[in-house]
Amino acid sequence: MRIVRIAAIVNPVSGAGMDQHAATHRVAMLRDALARRQLSATIAVTARAGHARDLAYAAVAAQSDLVIVWGGDGTVNEVGSALAGSTTALGLIPAGSGNGLAGGLGVPRDPHAALALALGESTHAVDVGMLDDRPFFNIAGIGFDAHIARLFNQRPRGRRGRVPYVVIGVREGCRYAGREYSVTLDGRTQRSKALLIAFANGREYGMGMQIAPGAKLDDGLLEACVVEDRSVLARFRDARHLALGSVHRAPRMVMQPIRTAVVETAGEIEYHLDGEPGVTRDRVTVAIRPRALIVKV
């Protein structure tokens, strides 16, 4: 892939902790890496929620060949939403708490190594999941994982990370109540009192926690994972399978590759898309757009 026009989008707070100079350091690293390759780019730093999406749409309109995004799963989702279906490639510099898509693609956590990959020649087309009209690239979830995502995202920037995520998970694992759902997978309907329902394009939530070890980003399928509710003790006992990559051995769990799904319940549905939380009406549809996003690998 011959790169001519490049845009870079930097989230100044993803993975930065309390470093108030992270944006300056990241922009400087980008400029240095580009200069060494005799390349240039339009570099922008995000200032608000949704800003990365707006910048990415502008890059597509300007016919950019590559958009590099330096941030976490939420920033990647915003940028990918704008790039999906275009010929503009996505380069990743992972900097968030989870980095599930980057992990699934084998993108290094080291920013220098990730930059080298983003500015390299190799590209790969991956699938894009859709929850109603909203895209996701790694995992969409309903129920417990969405509840955790909402609470985690309520924390101030700089006070997130692995430890707070685990603390929230343990606390809410003792409190959360599963709900009754009607789940239709490729036309077949089942009723379930579920702890969570996940639709996985990639393997892991992030931090090595694998909800769908067999999922592939480019096979035109999503892995549907319906985890039935269980006692608090059983929740923590069975959670070990996420770390071990052995969720297929967990009891009372349905795993099925699908192309379409419908989830219905009484009342609103709390969901997340790549870790970004939301709430919608009592019915959602899920589908797959095969190979709709080009990524640098």
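Residues checked against (1) among the polar types (S, T, N, Q); (2) closer than 25 Å to E223 by Cα; (3) in a loop (DSSP other than H, G, I, E, B); (4) open to solvent by 30 Å² or more (accessible area, probe 1.4 Å):
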position	(1), (2), (3), (4)
Y165	no, yes, no, yes
I168	no, no, no, no
R171	no, no, no, yes
Y176	no, yes, yes, yes
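Could you please tell me which pairs satisfy a Cβ distance under 9 Å, a separation of 6+ or placement on different chains, a first residue in the stretch 227-249 that is in contact (Cβ under 8 Å) with a residue 60 or more places away in the chain, and a second residue that is surrounded by fewer than 14 Cβ atoms within 10 Å (Cβ to Cβ)?
R235/C174; F236/V170; F236/C174
Looking at this structure, is A224 of a type in the set (A, V, I, L, M) and either open to solvent by less than 30 Å² (accessible area, probe 1.4 Å) or not in a loop (DSSP other than H, G, I, E, B) (or both)?
yes
Please state which one of V183, V167 is of a type in the set (V, I, T) and under 30 Å from A95 (Cβ atoms).
Step by step, each of V183, V167 is checked, and only V167 is of a type in the set (V, I, T) and under 30 Å from A95 (Cβ atoms).
Do you know which residues across the stretch 131-151 are of a type in the set (A, V, I, L, M, F, W, C) and surrounded by 21 or more Cβ atoms within 10 Å (Cβ to Cβ)? Explain how you work it out, then say what you get.
From the stretch 131-151, those of a type in the set (A, V, I, L, M, F, W, C) are 131, 136-137, 139-140, 142, 144, 146, 148-149, 151; that's our starting set.
Correct list: L131, F136, F137, I139, A140, I142, F144, A146, I148, A149.
Per-residue answers, yes or no, for (1) touching a residue at least 24 places away in the same chain (Cβ under 8 Å); (2) small (G, A, S):
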site: G98; (1), (2): yes, yes
site: R109; (1), (2): no, no
site: A116; (1), (2): yes, yes
site: V126; (1), (2): yes, no
site: H147; (1), (2): yes, no
site: Q154; (1), (2): no, no
site: A200; (1), (2): yes, yes
site: Q210; (1), (2): yes, no
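Restricting the search to the stretch 178-188, which residues are open to solvent by less than 30 Å² (accessible area, probe 1.4 Å), under 20 Å from A234 (Cβ atoms) and assigned to a strand (DSSP E or B)?
Y181 - this is the single residue of the stretch 178-188 that is open to solvent by less than 30 Å² (accessible area, probe 1.4 Å), under 20 Å from A234 (Cβ atoms) and assigned to a strand (DSSP E or B).
Within the group A52, A44, A28, which residue is outside any helix (DSSP H, G or I) and within 17 Å of A95 (Cα to Cα)?
A44
Quick one: in the stretch 109-118, of everything that is over 15 Å from V76 (Cβ atoms) and open to solvent by 20 Å² or more (accessible area, probe 1.4 Å), which residue is nearest to the chain's Cα centre (by Cα)?
In this case the residue turns out to be D110.
For the stretch 55-70, enumerate the residues that are within 19 Å of the chain's Cα centre (by Cα), part of a strand (DSSP E or B) and among the aliphatic types (A, V, I, L, M).
Of everything in the stretch 55-70, those that are within 19 Å of the chain's Cα centre (by Cα), part of a strand (DSSP E or B) and among the aliphatic types (A, V, I, L, M) turn out to be V67, I68, V69.
Any idea which residue in the stretch 3-22 is surrounded by the most Cβ atoms within 10 Å (Cβ to Cβ), counting only those that are among the small types (G, A, S) and modelled with pLDDT under 95?
Only one residue fits best here, namely S14.
Would you mind telling me which numbered condition in (1) open to solvent by less than 40 Å² (accessible area, probe 1.4 Å); (2) under 23 Å from T123 (Cβ atoms) A61 fails?
With (1) open to solvent by less than 40 Å² (accessible area, probe 1.4 Å); (2) under 23 Å from T123 (Cβ atoms) applied to A61, the lone miss is (1).
Just to be sure before I move on: is D229 more than 17 Å from the chain's Cα centre (by Cα), of a type in the set (D, E, K, R) and open to solvent by less than 60 Å² (accessible area, probe 1.4 Å) in the structure I sent?
yes
Out of all the residues in the stretch 169-190, is one or more modelled with pLDDT under 95 and among the aromatic types (F, W, Y)?
There is no residue in the stretch 169-190 that is modelled with pLDDT under 95 and among the aromatic types (F, W, Y).
Give the number of residues within the stretch 98-149 that are part of a loop (DSSP other than H, G, I, E, B), touching a Gly at 6+ places or on another chain (Cβ under 6 Å) and either hydrophobic (A, V, I, L, M, F, W, C) or modelled with pLDDT of 95 or more (or both).
2
Hydrophobic (A, V, I, L, M, F, W, C), at pLDDT 95 or above and either under 26 Å from F199 (Cα atoms) or surrounded by fewer than 24 Cβ atoms within 10 Å (Cβ to Cβ) (or both): which single residue out of A95, A84 fits that description?
A84 is the lone residue from the list that is hydrophobic (A, V, I, L, M, F, W, C), at pLDDT 95 or above and either under 26 Å from F199 (Cα atoms) or surrounded by fewer than 24 Cβ atoms within 10 Å (Cβ to Cβ) (or both).
Taking the stretch 239-290 only, how many residues are in a strand (DSSP E or B), over 17 Å from R188 (Cβ atoms), open to solvent by 40 Å² or more (accessible area, probe 1.4 Å) and among the hydrophobic types (A, V, I, L, M, F, W, C)?
1
Yes or no: L293 of a type outside the set (G, A, S) and assigned to a helix (DSSP H, G or I)?
The answer is no for L293.
The values are calculated or read from the model by the stated rules, or taken from the named source; none is laboratory data. This structure is a prediction, so every number in the text was calculated from the model and none was measured. Positions of Cβ are generated from backbone atoms using ideal geometry, with glycine treated the same way; all protein chains shown enter the neighbour counts. To get the accessible areas, we keep the full protein, side chains included, count just its heavy atoms, and leave off ligands, DNA and RNA. Shrake-Rupley method; radii C 1.70, N 1.55, O 1.52, S 1.80 Å.
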